[in-house]
Amino acid sequence: MQAVKKAPTSITLNATELTLDIGETFDLNSSLPSGEGSYAIYYSSDTPSVASVKKSGGLVTAVAPGTATITATTYNNKTVTCKVTVNAPEPELILGDVNSDGNVNLRDAIEIQKCVLSLISFDENQRKCGDVDKSGSLKLLDSIYVQKYCLRMDIEI
């Protein structure tokens, strides 16, 4: 004969914090103290647009950048949470496209010139895109390469 288990006094998860990339999944597993049982444990997300979770089973799916809290709840309202952080995807960088409009054009060459002359500043991704000769620093020569590329002067970026 199987012994009757006591109502849960607490609940734990196999993770209290997660960091996922968009599309990744993680199986949250809950556990109860020895001798205690719950016929159902339900999972919910406070921000399903960031991280969704299967109500039964705890499979978390990263949906969009941000944070969400996943809560596991027993039938007698014992709860535990897991903070989920979903990373923003790295932007796709196009060499020469410092203004990130998807095109390498003369506007990019002008922006590189302005940055080299300290009239504007670039963030790290803009610097990577603007360093078309891959020398490790922005120079007016990078702007010239972009201009030649735009004028189709037999140079590849």
### Query
Is it true that some residue in the stretch 67-78 is of a type outside the set (Phe, Trp, Tyr), in contact with an Asp or Glu (Cβ under 8 Å, 6 or more places away or on another chain) and over 30 Å from residue 5 (Cβ atoms)?
yes
### Message
Can you tell me how many residues within the stretch 115-127 are out of contact with any Ser or Thr (no Cβ under 9 Å at 6 or more places or on another chain) and of a type outside the set (Ser, Thr, Tyr)?
### Response
6
### Query
Which ones in the stretch 97-120 are among the charged types (D, E, K, R) and buried (at least 18 other Cβ atoms within 10 Å of the Cβ)?
97, 108, 111
### Query
Considering the stretch 46-96 alone, what residues qualify as being open to solvent by less than 60 Å² (accessible area, probe 1.4 Å) and closer than 15 Å to residue 12 by Cα?
57, 58, 69, 70, 71, 72, 73, 74, 76, 80, 82
### Message
With the requirement that a residue be closer than 19 Å to residue 101 by Cβ and assigned to a loop (DSSP other than H, G, I, E, B), what does the stretch 129-151 give you?
### Response
131, 132, 138, 151
### Query
When you scan the stretch 17-125 for strands (runs of 3 or more DSSP E) that lie fully inside it, which ones turn up with 1 or more residues that are free of Cβ contacts under 8 Å to residues at least 12 places away in the same chain?
51-53
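One line per residue, one yes/no per condition, for (1) surrounded by fewer than 12 Cβ atoms within 10 Å (Cβ to Cβ); (2) under 19 Å from residue 56 (Cα atoms); (3) touching a Pro at 6+ places or on another chain (Cβ under 6 Å):
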| site | (1), (2), (3) |
| --- | --- |
| 4 | yes, no, no |
| 12 | no, yes, no |
| 15 | no, yes, no |
| 19 | no, no, no |
| 25 | no, yes, no |
| 28 | no, yes, no |
| 31 | no, yes, no |
| 34 | yes, no, no |
| 40 | yes, yes, no |
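The values are calculated or read from the model by the stated rules, or taken from the named source; none is laboratory data. Here the structure is a predicted model, which means the values were calculated and not measured. With ideal geometry, Cβ positions are generated from the backbone for all residues, glycine too; neighbour counts draw on all protein chains shown. The accessibility values were calculated without ligands, DNA or RNA, using every heavy atom of the protein model including side chains. Shrake-Rupley method; radii C 1.70, N 1.55, O 1.52, S 1.80 Å.
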